[in-house]
Ligand code: 13P
């Protein structure tokens, strides 16, 4: 299987947005757009990652949806199970609420909340063991890119998780390459630069796991309807992790449509 035959994923990361009523409206609007202009599940996996408090709100709006839309958690505890861990939500608790997907390793969690490779590994191990699919985010800073270290940094982030992911579990991992300098800045990696990095990630994955050639590698960082088609046209870009543009139902729908139609 080459990178271009993988069903794309388009996932909206709502980050710490919006208020409950607006979250409900947003997902309802998106669902309405899919009713008018459907996107076949076989052509594109679609997911949204609201704040924890809105996960079940979104789920209930989607419960009678014509197609599956994954509800994705933005974080998971590094502690498994249940117990005296104030403020934490474990992988088992997510699974118990029919949440099957989680983001791990987003640069905002690495940078602002000090999540180290070890913490991320604990989260990934728990998530996979509980049966969740992990969307694992990697990406370099501007400084690292400008000093020629981008590839090394990103491949190291991939290698970091290899110590905890068991052979069969790679099947339940989706990679999201998000160059930090492109997140929320309006700057997107050029399709050529993104494709080059994605091909390197695929090569790195293929050396670690037999699933490397069939794993989805998403691009994230200022993805918009205006740049989605050219990103989708790159053979190793198998979807998008969308921040700002996913807070607008029309934009998010256009991005999903771009990936479904271009792939
Ligand atoms: P933006 O699309 O707002 O740049 O955010 C990207 C991102 O961080 C998605 O996880």
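Worth pointing out:
- Some residue of region 170-179 being part of a loop (DSSP other than H, G, I, E, B), within 16 Å of the ligand (Cβ to nearest atom) and more than 23 Å from residue 41 (Cα to Cα): yes
- Hits in region 1-24 - residues which are in a loop (DSSP other than H, G, I, E, B), over 22 Å from residue 213 (Cβ atoms) and in contact with a strand residue (DSSP E or B) (Cβ under 9 Å, 6 or more places away or on another chain): 14, 15
- Qualifying residues in region 238-255 (those that are part of a helix (DSSP H, G or I) and more than 14 Å from the ligand (Cβ to nearest atom)) - the one surrounded by the fewest Cβ atoms within 10 Å (Cβ to Cβ): 250
- Yes/no for residue 102 being within 16 Å of the ligand (Cβ to nearest atom), crowded, with 23+ Cβ neighbours inside 10 Å and without any contact (Cβ under 8 Å) to a residue 40 or more places away in the chain: yes
- Counted residues, region 219-235 - those being touching a strand residue (DSSP E or B) at 6+ places or on another chain (Cβ under 6 Å) and in a loop (DSSP other than H, G, I, E, B): 1
Each reported figure results from applying straightforward, stated rules to the coordinates on display, with no laboratory input. The shown structure was predicted, so the numbers you read here are calculated from the model rather than taken from an experiment. Every residue, glycine as well, gets a Cβ built from its backbone with ideal geometry; the counts of neighbours run over all protein chains shown.
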